[in-house]
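Just below is one structure, and these are the notes that go with it.
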Amino acid sequence: MQQRGFTLIELLVVIGIIALLAAIVLAFLSDGREKSRDSARAADLKQLQIALSLYFDATGAYPPDLSVLVPKYISVIPKDPASNAVYPYDRLSDTDYHLGASLEQANITLLKSDVDATSTNILGTDSAGCAGGVGWHCYDVRP
């Protein structure tokens, strides 16, 4: 009588195909996560810009650091979703500041609309992170 079932080779082929499909799906999900974190960074910078504008309207000058904004102008200082670090901020003068966030994605429209400036804490080039990090891209804004 002949036994029914799968051979070891057949099982290994099926497991290999499933592993290949899983790797492809995970690669696409990783790209989506990067885009999601970059969108959160852009939204965080917009919130900080609004809080800085409110502070400027009330005092006539930009704050020396972001912590001054809490709790009157913003409830908490947003932090980078990946590193949990505070976004780099430079007060250049009473009427000027430089604010940045390092992005993971290079091919996004945000990088085409930023200022690409350089200050003490922020290297505003699109080809490096705001603090000069390799593999990152600096999205920086000014008033």
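Things to note:
- Exclusive hit being farther than 25 Å from ILE108 by Cα, of a type in the set (A, V, I, L, M, F, W, C) and buried (at least 17 other Cβ atoms within 10 Å of the Cβ), set ILE17, ILE74: ILE74
- Residue within the range 61-69 that is without any contact (Cβ under 8 Å) to a residue 24 or more places away in the chain, surrounded by 11 or more Cβ atoms within 10 Å (Cβ to Cβ) and in contact with a strand residue (DSSP E or B) (Cβ under 9 Å, 6 or more places away or on another chain) present: yes
- In the range 120-143, the residues that are more than 23 Å from LEU52 (Cβ to Cβ) and basic (Lys, Arg) form no Cβ pair under 9 Å with any partner that is open to solvent by less than 60 Å² (accessible area, probe 1.4 Å) and not in a loop (DSSP other than H, G, I, E, B), whether six or more places apart or across chains.
- If you go through the range 77-101 and keep only what is in contact with a strand residue (DSSP E or B) (Cβ under 8 Å, 6 or more places away or on another chain) and either in contact (Cβ under 8 Å) with a residue 60 or more places away in the chain or open to solvent by less than 30 Å² (accessible area, probe 1.4 Å) (or both), you end up with ASP80, TYR87, TYR89, ASP90, TYR97, HIS98, LEU99, GLY100, ALA101.
- Each residue in the range 128-143 was checked for being open to solvent by 50 Å² or more (accessible area, probe 1.4 Å), at pLDDT 85 or above and more than 15 Å from HIS98 (Cβ to Cβ), and 1 of them qualify.
- Among residues of the range 32-55, those that are of a type in the set (Asp, Glu) and at pLDDT below 95, counted: 2
- Residue in the range 21-37 that is among the β-branched types (Val, Ile, Thr) and exposed (fewer than 11 other Cβ atoms within 10 Å of the Cβ) present: yes
The values are calculated or read from the model by the stated rules, or taken from the named source; none is laboratory data. Fair warning: this is a prediction, and the values are worked out from it, not measured in the lab. Note that each Cβ is placed from the backbone with ideal geometry, even for glycine, and that neighbours are counted across all protein chains shown. The protein model used for the area step is the full one, side chains on, heavy atoms only, and it has no ligands, DNA or RNA in it. Shrake-Rupley method; radii C 1.70, N 1.55, O 1.52, S 1.80 Å.
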